[in-house]
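Report on the following structure.
FYI, it's all coordinate maths here, none of it is from the lab. All values derive from a computational prediction rather than experimental measurement. Methodologically, a virtual Cβ is constructed for each residue, glycine included, from the backbone with ideal geometry; neighbour enumeration extends over all protein chains shown.
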Amino acid sequence: MNNSVGNTARLIGAGLRALLVLTVLCGVLYPLAVTGIAQALFSDQANGSEIKDKTGRVVGSSLIGQTYNLPKQDPNDAEETAKPDLKWFQPRPSNGLGANSVNTQYGLLLSGATNKAADSGAVDGVCTKDAEEGSLCAQVLAAKDAVITDNSTASYKVKPEDVPADAVTSSGSGLDPAISPEYAELQIHRVAEQNKLDVKQVQKLVADHTQGRTLGFMGEPRVNVLELNTALKALSTPSKS
């Protein structure tokens, strides 16, 4: 009987010691080591890849896309009714899985694709003006018309064949922070006109913020919209003396 109690006590003691050691190793030392390494070697990524304006204020993350819309006349209007603020470079359409129902004051779409097939609304594989409302074809055609209208100026007319795919389709996540250099270039004249800047100034801005393929072969050339608009704001806002 005494041996049984003694063995049980030893097992409980060993278990408690193992629990204490593993708690210190896995719950304290390991997280501290990983956090320290992350902060020392990958500080920007570990802190959310934040982007700051020229005043040092955090304006967002380089990993998450943002919308640049005019304020809604009625706060109760649906997010889809918001009109783009044409003074800024516009991102890809953000057709996610639906509205955020958790925090209704934040209009971010839930991450995800539209899940519509490539031939949604197409007739014999071709998208026409008669595409069913709500279909992918109808969304793409409406987006294309808007891109042409919004980006045509008195001195620059956008041709339908010049509209790139990323200007009229959302990404797989719906939150892509980047656009193609072609879509950025298509917006240059409109942005220059809206901000009363020289076209060459805006062209240089786009060129300076165009990133090549990762490691030279992965992905596609891209322009981060938030970084570009942050630089645009700094360029178009007069410095206080």
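Here are the numbers for the structure shown:
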{"item": "Mean separation of Cα contacts under 8 Å, 6 or more apart, over the residue count of the chain: relative contact order %", "result": "18 percent"}
{"item": "Anisotropy class of segment 127-176 from Cα gyration tensor, a/c 1.5 cut", "result": "oblate"}
{"item": "Stretch in the chain that is longest and holds no GluC sites (Glu not before Pro) that DSSP places in a loop and that have at most 12 other beta carbons within 10 Å", "result": "1-131"}
{"item": "Within the chain: Cβ-based charge dipole about Cα centre, in debye rounded to nearest 20 (Lys, Arg +1; Asp, Glu -1)", "result": "1140 debye"}
{"item": "Residue-span extension gain [Asp130 to Ala146] - 0.36 nm each, minus C-alpha spacing", "result": "4.1 nm"}
{"item": "Neighbour net charge for Lys129 - beta-carbon separation under 14 angstrom, K R +1, D E -1", "result": "-3"}
{"item": "Chain lengthening between Ala207 and Leu235 when straightened (0.36 nm per residue, less Cα-Cα)", "result": "8.6 nm"}
{"item": "CD proxy at 222 nm, helix term only [per DSSP H run n ≥ 4: -39500 (n - 2.57); per residue of the chain; nearest 500]", "result": "-11500 deg cm²/dmol"}
{"item": "Glu182/Ala40 FRET efficiency (R0 45 Å; Cβ-Cβ; nearest 0.05)", "result": "0.70"}
{"item": "Inter-label distance, nm, simple model (7 Å from Cα along the C-beta direction), Leu29/Asn115", "result": "4.7 nm"}
{"item": "Overall form of the chain per C-alpha gyration tensor (a/c, 1.5; a/b vs b/c)", "result": "prolate"}
{"item": "³J(HN,Hα) computed for each position of segment 231-236 - Karplus, 6.51 cos²θ - 1.76 cosθ + 1.60, integer Hz, glycine/proline x", "result": "5, 5, 4, 5, 6, 8"}
